[in-house]
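None of the figures in this text is laboratory data; all of them are computed from the coordinates on show. All of these numbers come straight from a predicted model, not from anything done at the bench. Ideal geometry is used to build each Cβ from the backbone, glycine not excepted, and the neighbour counts take in all protein chains shown.
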Number of protein chains: 2
Amino acid sequence: MQQRMSLVTLGVRDLDRARAFYDGLGWQPAGSPEGVVFYQLGGVVLALWERAALEADSGVTDGGGWGGVTLAHNVGSPEEVDEVLAQARAAGGTVAREGAATFWGGYSGVFIDPEGHPWEVAHNPYWEVTEDGRTLVEGTGEPAG
Amino acid sequence: MQQRMSLVTLGVRDLDRARAFYDGLGWQPAGSPEGVVFYQLGGVVLALWERAALEADSGVTDGGGWGGVTLAHNVGSPEEVDEVLAQARAAGGTVAREGAATFWGGYSGVFIDPEGHPWEVAHNPYWEVTEDGRTLVEGTGEPAG
């Protein structure tokens, strides 16, 4: 199995609401068939799809809440963390943790999308965010961010 | 907010077991501090971290099971789907859905890692997987895969 990931699908209960939120971040959807919305995020795709359909398709049982997966968006400075959190709040997200210094030596906060999916927004000075948007672990990367 | 994703963190209850599974897929971890394991997946990082710590860090309440997020790994042919599912089973994963034709015109199956996180393994003839491992939505992409 090659060491890569193609797609992250977020199960949603209200597709229009979820799409409005991600569009509100300034993101542009790709061509998407009825009932699903795709965003091309660099070399990975983010999909929004009905949560009950995704549950059945994935062969799992929905615990109904958060299930142990958190996404992250890294930026180049602490100031950008605060800017993205403000943008997410303006788009209808909830800021669960304001930007602040972290135990691992960076700066981060968390927003939660209208469907309950958390995104950490982080500046990790040990990692590199390239001009074309890739995030690269340096040799001594630090946790969760 | 730039249209990209940096990191997917999977909460785990047994880090050694989880790492053994992903290492068993043939993946090589990056430099990782104590208590976390990072895998560089193209331009995105996959992290394994204690689920209770991730819950607290993310400002959410753990529903205890699956929470509406499914990852996917796309490959170039139906045969490769079956090969990856066999590899995941050999590494200690559970195959929740054997490879088969899908309603959206592709071929896919699902494995679940030892921590309960599902991965769809898919051949989507409408999408492109590039030589360097990026997955690109074509104009008329199809759902979930």
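Numbers below:
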{"quantity": "Loop sites in segment A:41-145: GluC sites (Glu not before Pro), DSSP, at most 11 other Cβ within 10 Å", "calculated": "A:Glu131"}
{"quantity": "Electrostatic dipole magnitude of segment A:1-104 [Cβ: Lys, Arg +1; Asp, Glu -1; Cα centre; debye, to 20]", "calculated": "140"}
{"quantity": "Gyration tensor verdict on segment A:1-60 (Cα atoms; rounded if a/c is under 1.5, prolate if a/b is larger than b/c, oblate otherwise)", "calculated": "oblate"}
{"quantity": "Furthest towards positive pole of dipole, A:Ser58, A:Gly42, A:Val8, structure part segment A:1-106, Cβ charges", "calculated": "A:Ser58"}
{"quantity": "Ranked packing of B:33-43, A:23-33, most packed first, by mean Cβ within 10 Å", "calculated": "B:33-43, A:23-33"}
{"quantity": "Cleavage-rule hits, chymotrypsin sites (Phe, Trp or Tyr not before Pro), segment A:48-130, DSSP coil, Cβ neighbours within 10 Å at most 14", "calculated": "A:Phe103"}
{"quantity": "For A:70-79, mean number of other protein chain Cβ atoms within 10 Å", "calculated": "5"}
{"quantity": "Lys, Arg +1 and Asp, Glu -1 on Cβ, resulting dipole of segment B:1-60 about Cα centre, debye, nearest 20", "calculated": "200"}
{"quantity": "Counting DSSP beta bridges with both ends in chain A, the antiparallel % (nearest 5)", "calculated": "65"}
{"quantity": "Debye, to nearest 20: dipole size of the protein assembly as shown, +1 on Lys, Arg Cβ, -1 on Asp, Glu Cβ", "calculated": "300"}
{"quantity": "Residue-averaged [θ]222 nm for the protein assembly as shown, counting only DSSP H segments that reach four residues, each worth -39500 (n - 2.57)", "calculated": "-6500 deg cm²/dmol"}
{"quantity": "With eigenvalues of the C-alpha gyration tensor scaled by 5 and rooted, the protein assembly as shown, Å", "calculated": "26, 22, 18"}
